Structure formats: structure tokens, C-alpha cells
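The values are calculated or read from the model by the stated rules, or taken from the named source; none is laboratory data. Since this is a predicted model, take the numbers as computed values, not measurements. No Cβ is skipped: glycine too gets one built from the backbone with ideal geometry, and neighbour counts run over all protein chains shown. For accessibility, only protein heavy atoms count, side chains too; no ligands or nucleic acids. Shrake-Rupley method; radii C 1.70, N 1.55, O 1.52, S 1.80 Å.
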Amino acid sequence: MRSKTKQKMAKKEAKKLEYFTDWKYAPSPEATDHIRLQKQYELFINGKFVKPNSGKYFDTINPATEEKISSIAEANDKDVDTAVKAARGAYDKTWSKMPAKERAKYIYRIARLIQERARELSVIETMDGGKSIRESRDIDVPLAANHFFYYAGWADKLEYAFPNRHPKSLGVAGQVIPWNFPLLMAAWKIAPALATGNTVVLKPAETTSLTALKLAEIIQESGLPDGVVNIITGHGPVGASMVNHKDINKIAFTGSTNVGKWIQKAIAGTDKKLTLELGGKAANIIFEDAPINQAVEGIVNGIFFNQGHVCCAGSRLFVQESVADEVIRKLKDRLETLIVGDPLDKNTDIGAINSKMQLNKINEYLKIGVNDGAEMYQSSCSIPKKGFFVRPTLFLNTSQSHRISQEEIFGPVLAVQTFRTIEEVIEKANNIPYGLSAGVWTDKGSRIFNMTSKLRAGVVWANTYNKFDPTSPFGGYKESGFGREGGLHGLMPYLKF
Ligand code: NAP
Ligand code: MG
């Protein structure tokens, strides 16, 4: 009798879902006619846009259409040196001498200009990088402005932040950022550096230079003294040249663990300060007493939105055995409702993969997962013929030894395992080279505290996932790097005491 009622309810739920999945949203593309993009972008050095010494340019494309957007200047060692000299000059002559409250005014101004140009910035972010407009409009751009607002507030309060320790700036900071949150990562790097009185040379990733160059325009418009922030574009060797430059005092790097390890070796024995924000393979842990529907939304938010291009993505799911069937059923149902496609459409949940190279990497991992014996489940949605897209994917029946459970894929791919006891899940969650983030879903407060103290992860979210705020520090353990960005902790890497 009871199973009959259950069957009836399941049928009803399936019908409801059919209704929702059959019901298509009308296209709702964000307008692009307010965007001003140049055919060619130069390097931003000493307050001006200048041609690269190499005379070379590379294309930036829209990964959703594979069409070229602009040509971007390719810096070389000479340009790096010119930018570092500009930053040093600005540090010596202006920025280090300016009263902190004056410095703060510029940082506030940059924050306000980002807000004013928020629509333009979010559309460009989406066109250049492939992420959904919802993500760039509601997360990347507002958070970038908030970082500048937040750190502007600290500029003249450093003595209060670190009482009796007399904090001093370091000099020139060399900053290298990845393609997954281009404008936001630039804000995470530039805002605390300026607030603490340092000057900057920043290199964005080659596939997503445009919003950094738009930020250069904003910086110019803000009247920030020339040379305080320099933005130079190019490929990996430009970053390497910054790392090796003798007149840089601090390197701040966000990117892959491999490059992070190389940087650590390259600056060993020098007096450069270093922070590394590297890869991750976060465990999202669902206990049987968790609010299941909420947790399923959290799982989806944790790995499928932003195409899984998030270093702290909840890419490993651990479900307590007693609720595993329910969670997996609901997750599969939810996957069917996710909209994959035009990143500029406001209904899109999963936009384009950032580059052909990244798409190939994800597809390679899908093959590895299947060959290793895991059960692959993909949404039945269609994906656009042009552009770089992938269906949201679950891997069931995975084990700790599977490569898809150990290695960072950086795509909308979730490896699912089940567990019985707290001890078992803590051991499995920690048994990984990374330690950036984790999620815990349970109704029990004491269990949350127990888990947060035992999980080796820099950030642990409880009953939520992927929540960011400029006031809270972010960073990892183990091969996820060291040093913190955000909050009061984020000031320290830019100061000496
Ligand atoms: P990546 O290949 O390491 O690139 C990151 C940046 O470093 C890019 O600007 C890249 O330039 C540059 N670069 C490449 N080789 C370099 C070298 N030898 N020296 C100095 N710079 C060099 O990483 P990605 O694939 O772009 O980004 C994804 C990775 O970033 C993932 O592993 C992800 O987990 C990590 N990530 C971590 C965080 C965090 O906060 N922990 C946040 C976001 C992303 P080009 O790309 O232009 O060649
Ligand atoms: Mg691009």
C-alpha cells in the first residue's frame, strides 16, 4: 500500500517536471548595442595606452560563437620592464608619499566607475569569456565594485587593522590572473595592493583580457596618478617575465597548481613576497538530515553554474547512503531543467566553455571517467553547434581512486560518491592534494562545527555554497596555495611590519 502511494507520488512529480521541462522560455538576450569595443587594444603603461614593443597582436574570440572580437597587444620582456619602471617611478614619486585618505578617494572612485559601467562590463565579460550574463551581471561585476569599496575603507585605517605593528607598503606588486573571473580577479588583486600603498603591474589571461583593459580605461578616467596601475596583456611568458623581474617586490598569482609550483621555484632565494591561489577539488557533503531540495540547488550552484569554471567548485559530491537515491534522482531531474546555450541570454544557466583547449580537456576527462568504469549521466539538452559547449555531467559509482575524483577538471562535471559515517567522509574529503573549499549540508549545528574543524579546506560553506563577500578571507591549504585574499587578512600579503 505504502509503495503504491509512493509510486503515485513519483508519477505526479514526474508529470510536474515534464510540464516544466517542456515549457520553453522565450529568448531573452541582453542588448549589446551599448558596448564600445575597439578593433585593437594596446598595453596600459604609465597612464597611457601604448603599442607593444614586439609589434605583435593576438586575437580574442567569443567562445560562444568562435568569432573574433578584437586584437590584443602581446607584451614582451621589454614591455614588462617598462611597466615595472613606471610602477616603481609612481611608487617612489607619488603613491607611497600620498596621504592614505587621498589614496582611498581614488579607490572609491574606481569602485563607483565600475558600478556606473556595470552593464557594459558584464556584457563584455560574457562575450569574451563565455560565462552566463546572469553570472557576470549578478556576481562578477558587483563583487568587483564591492572589493574596491571595501579596500578603499581600509586605506587610512591600517594602523587600526594592525595596532602597534606600523605596517608599511612593499613597493611594486606583479599580479597574474586566470580567465574564470577576469574582472573580479583583477579587483581582488588591485584593490588591496592600492589600499596598502603599493603600485601594480597586472597581467590578465590571454583569453579574457578585455575587461582588464576596460578597467584600465576606468583607471585612466578616475585620475589615478600615472603608473600606479599598469595592465599588460599577453601569454604565459609575460607572467614568467614578471615573476623573474628583479625590481618587483611581491608576486600575487591565481591560476593552476602547475604554474604556481613553477613560480614558487622561480622566486626561491629572492626576497619577493608570494601568494598563490591555485586549483581545487572541493567536497560537497550531504548528510541524511539535510534539507534535500535546498542541498540539490546548492550542488547545482556549486558545480554547474559558471560552467564549473570555479576553483572552489563543489566538484566532488559525497551523499550519505540513506538519502543517496533521493538526492541523485532529484539531481538528475534538476539537470534536465538547466539551460545550456547563448551566454548572453538571461535564461541561460550554463554558458560557453572558455576556450577550445579547455573544452578538449573536459571532453578528455569524460572519456577517462567512462574508461575508469564510472557511470556517466548527462542532461539530454541540446547544445549549440557552434561555440564551445558541454552538457552538465554526473559520474555515478565513482571511487576515491578514479582520476575524475582526484584531478581538477574545471568544467560542469560532478563525481558522486556515497558514505556511511562522519569519519569515513572526513577521511575521503581530505584525501586529496587540494584544500581550497568544501560544503556541508546538515540540520545539526554541532555537526557543522565538527566538520569545519576537521575538513582541511580554506573555506567551508554550511547549508549554502559559493557565497563570496569582500570582508571574508579566501585561500587554500596544500596544493591549493597559500596566502589569503579578501577581508583584513587580504591586506597582510601587501605589507611589511
Ligand atoms: P594558468 O594556466 O595557471 O594561468 C593563470 C595565469 O598565469 C594566466 O594569466 C596565464 O597566462 C599565466 N601564466 C601561464 N604560465 C605562466 C608562467 N610560467 N608564469 C607566470 N604566469 C603564467 O591557469 P588557468 O588555466 O588560466 O586558470 C585555471 C586555474 O586557476 C585552475 O587551476 C583554477 O583552480 C585556478 N584558479 C584558482 C583560484 C583561487 O583563488 N585559488 C581562482 C581562480 C582560478 P595565459 O593564460 O595568458 O597564458
Ligand atoms: Mg575571449
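Selection of first residues in the stretch 352-377 that are open to solvent by 20 Å² or more (accessible area, probe 1.4 Å) and of second residues that are among the basic types (Lys, Arg) and at pLDDT below 95, restricted to Cβ pairs under 8 Å at least 6 apart or on distinct chains, gives an empty result. Taking (1) in contact with a strand residue (DSSP E or B) (Cβ under 8 Å, 6 or more places away or on another chain); (2) more than 14 Å from ligand 1 (Cβ to nearest atom); (3) in a helix (DSSP H, G or I) in turn, GLN307 satisfies each apart from (2). Only one of the numbered conditions (1) closer than 23 Å to ILE267 by Cα; (2) basic (Lys, Arg); (3) within 16 Å of ligand 2 (Cβ to nearest atom) is not met by LYS214, and that is (1). Residues in the stretch 472-497 that are out of contact with any Leu (no Cβ under 8 Å at 6 or more places or on another chain), in a loop (DSSP other than H, G, I, E, B) and open to solvent by 30 Å² or more (accessible area, probe 1.4 Å): SER472, ARG484, PHE497. Exactly one residue out of ASP140, ASP156 is in a helix (DSSP H, G or I), within 15 Å of ligand 2 (Cβ to nearest atom) and modelled with pLDDT of 95 or more, and it is ASP140. For the stretch 407-427, name all the residues that are in contact (Cβ under 8 Å) with a residue 40 or more places away in the chain and open to solvent by 50 Å² or more (accessible area, probe 1.4 Å). GLU407, THR418, ARG420 - these are the residues of the stretch 407-427 that are in contact (Cβ under 8 Å) with a residue 40 or more places away in the chain and open to solvent by 50 Å² or more (accessible area, probe 1.4 Å). Looking at this structure, is ASP79 in contact with an Asp or Glu (Cβ under 7 Å, 6 or more places away or on another chain) and buried (at least 17 other Cβ atoms within 10 Å of the Cβ)? Spelling it out, it is not the case that ASP79 is in contact with an Asp or Glu (Cβ under 7 Å, 6 or more places away or on another chain) and buried (at least 17 other Cβ atoms within 10 Å of the Cβ). Going through (1) part of a helix (DSSP H, G or I); (2) more than 14 Å from ligand 1 (Cβ to nearest atom); (3) surrounded by fewer than 24 Cβ atoms within 10 Å (Cβ to Cβ) one by one, LYS68 falls short only on (1). Among residues of the stretch 261-279 being among the charged types (D, E, K, R) and farther than 16 Å from ASN249 by Cβ, the one that is surrounded by the fewest Cβ atoms within 10 Å (Cβ to Cβ) is LYS265. Each residue in the stretch 195-205 was checked for being within 16 Å of ligand 2 (Cβ to nearest atom) and either surrounded by fewer than 24 Cβ atoms within 10 Å (Cβ to Cβ) or aliphatic (A, V, I, L, M) (or both), and 1 pass.
Sub-8 Å Cβ pairs linking a first residue in the stretch 18-30 that is more than 19 Å from ARG137 (Cβ to Cβ) to a second residue that is modelled with pLDDT of 90 or more, at least 6 apart or interchain, are PHE20/THR337; THR21/GLU336; THR21/THR337, ordered by first then second residue. Do the conditions hold for ARG456, that is, is it in the same structural domain as LEU194 (by TED's automatic domain parsing) and either among the hydroxyl-bearing types (Ser, Thr, Tyr) or touching a helix residue (DSSP H, G or I) at 6+ places or on another chain (Cβ under 7 Å) (or both)? So ARG456 fails the test. Say whether the condition of being touching a residue at least 40 places away in the same chain (Cβ under 8 Å), away from ligand 2 (no atom under 16 Å from the Cβ) and over 22 Å from ILE139 (Cα atoms) is met by at least one residue in the stretch 463-476. Within the stretch 463-476, none of the residues are touching a residue at least 40 places away in the same chain (Cβ under 8 Å), away from ligand 2 (no atom under 16 Å from the Cβ) and over 22 Å from ILE139 (Cα atoms). Applying the criterion of being open to solvent by 30 Å² or more (accessible area, probe 1.4 Å), touching a Gly at 6+ places or on another chain (Cβ under 9 Å) and not β-branched (Val, Ile, Thr) to the residues of the stretch 379-406, the residue that is modelled with the lowest pLDDT is SER382.
For PHE58, the stated conditions do not hold, so it cannot be described as more than 16 Å from ligand 1 (Cβ to nearest atom) and assigned to a strand (DSSP E or B). I'd like to check something: does the stretch 464-483 contain any residue that is more than 15 Å from ligand 1 (Cβ to nearest atom) and closer than 28 Å to GLN378 by Cα? Among the residues of the stretch 464-483, at least one is more than 15 Å from ligand 1 (Cβ to nearest atom) and closer than 28 Å to GLN378 by Cα, which makes the answer yes.
Here's a check for you: in the stretch 243-258, which residue that is of a type in the set (S, T, N, Q) and either surrounded by fewer than 22 Cβ atoms within 10 Å (Cβ to Cβ) or within 23 Å of ARG109 (Cβ to Cβ) (or both) is nearest to ligand 1 (Cβ to nearest atom)? Before the answer, list the steps.
Kept after step one, since they are of a type in the set (S, T, N, Q), are these residues of the stretch 243-258: 244, 249, 254, 256-258.
When the remaining residues are screened for being either surrounded by fewer than 22 Cβ atoms within 10 Å (Cβ to Cβ) or within 23 Å of ARG109 (Cβ to Cβ) (or both), the result is 244, 249, 256-258.
Values: ASN244: 9, ASN249: 17, SER256: 3, THR257: 6, ASN258: 7 Å.
Among residues in the stretch 243-258 that are of a type in the set (S, T, N, Q) and either surrounded by fewer than 22 Cβ atoms within 10 Å (Cβ to Cβ) or within 23 Å of ARG109 (Cβ to Cβ) (or both), the one nearest to ligand 1 (Cβ to nearest atom) is SER256.
Open to solvent by 10 Å² or more (accessible area, probe 1.4 Å), more than 16 Å from ligand 2 (Cβ to nearest atom) and within 19 Å of the chain's Cα centre (by Cα): does that describe ILE114? So ILE114 does not fit the description; no. Among the residues of the stretch 310-320, none qualifies, meaning not one is touching a strand residue (DSSP E or B) at 6+ places or on another chain (Cβ under 6 Å), in a helix (DSSP H, G or I) and open to solvent by less than 10 Å² (accessible area, probe 1.4 Å). Looking only at the stretch 206-242, which residues are in contact with a Phe, Trp or Tyr (Cβ under 9 Å, 6 or more places away or on another chain), open to solvent by 10 Å² or more (accessible area, probe 1.4 Å) and near ligand 1 (Cβ under 10 Å from one of its atoms)? Correct list: GLU206, THR207, HIS235, ALA240.
Filtered by the rule that a residue be within 23 Å of ASN244 (Cα to Cα) and either within 15 Å of ligand 1 (Cβ to nearest atom) or of a type in the set (Val, Ile, Thr) (or both), the stretch 167-181 gives VAL172, ALA173, GLY174, GLN175, VAL176, ILE177, PRO178, TRP179.
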